[in-house]
Amino acid sequence: MAAAVVLAAVAHREDGSMNIARIIKHLLHPPWLVRFKFPPASLHKIEASIHQSENQHSGEIRFAVESSLGFFQLLQGTPCFNRAVDVFSELRIWDTEQNNGVLIFLLLADRKVEIIADRGLNNEIAESEWQHICQLMENSFRKHEFEAGVIKGVNEITQLLIKHSPIQEEKSNELSNKPVII
């Protein structure tokens, strides 16, 4: 009986539509797949790209990738955006002096990208510009160009940050440039 209740809860979203396909996709998306799509050499190139970017503006960029959501997150129907906000907080990206941190979050099972920007940038940069970058990256991921897709996203964000968060004298690196695998 309990299994039937769980399956009923799993089978419907809040809006009544089915999400069982998403749950199955996530459950069949093992964590090692992140390392396959982002081997150490790719992670190093992404880190170097972020470092190079941050030498051109005062913003801070972090890249985090998660293979799939956990079972209970799936049962709750956690959207990629909500998970990205959680990761933004967990990585303390909001904790920069100028409130100009940016998270690029990839949920690999969904091949969905979310860009979360701190409050110092949200008033300056339109949501449509962030969405455009997400779409560019997602297009690359559909072609299995994972490293190139992330670097393309970093380069696009760099152009926005050069314009909206110009470099200050004595800029320090407040956040690690190393990609995070969750």
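The values are calculated or read from the model by the stated rules, or taken from the named source; none is laboratory data. From a predicted model like this one, the values you see are computed outputs, not experimental measurements. Here Cβ is always computed from backbone atoms with ideal geometry, including for glycine, and neighbour counts include all displayed protein chains.
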Residues being among the basic types (K, R) and closer than 13 Å to E114 by Cβ: count how many of those fall in region 30-89.
-> 2
From the residues in region 172-182 that are surrounded by fewer than 17 Cβ atoms within 10 Å (Cβ to Cβ) and not β-branched (V, I, T), which one is farthest from Q135 (Cα to Cα)?
-> S172
When the residues of region 138-168 are filtered to those that are among the polar types (S, T, N, Q) and either touching a strand residue (DSSP E or B) at 6+ places or on another chain (Cβ under 6 Å) or free of Cβ contacts under 8 Å to residues at least 40 places away in the same chain (or both), which remaining residue is surrounded by the fewest Cβ atoms within 10 Å (Cβ to Cβ)?
-> N139
From the list V102, V87, V150, V113, which one is modelled with pLDDT of 95 or more and farther than 22 Å from L33 by Cα?
-> V102
Where in region 46-164 are there helices (runs of 4 or more DSSP H), lying wholly inside it, with at least 1 residues that are more than 13 Å from the chain's Cα centre (by Cα) and of a type in the set (S, T, Y)?
-> 127-142, 146-164
Which of (1) under 18 Å from H26 (Cβ atoms); (2) touching a Ser or Thr at 6+ places or on another chain (Cβ under 7 Å) is the odd one out, the single condition S67 does not satisfy?
-> (2)
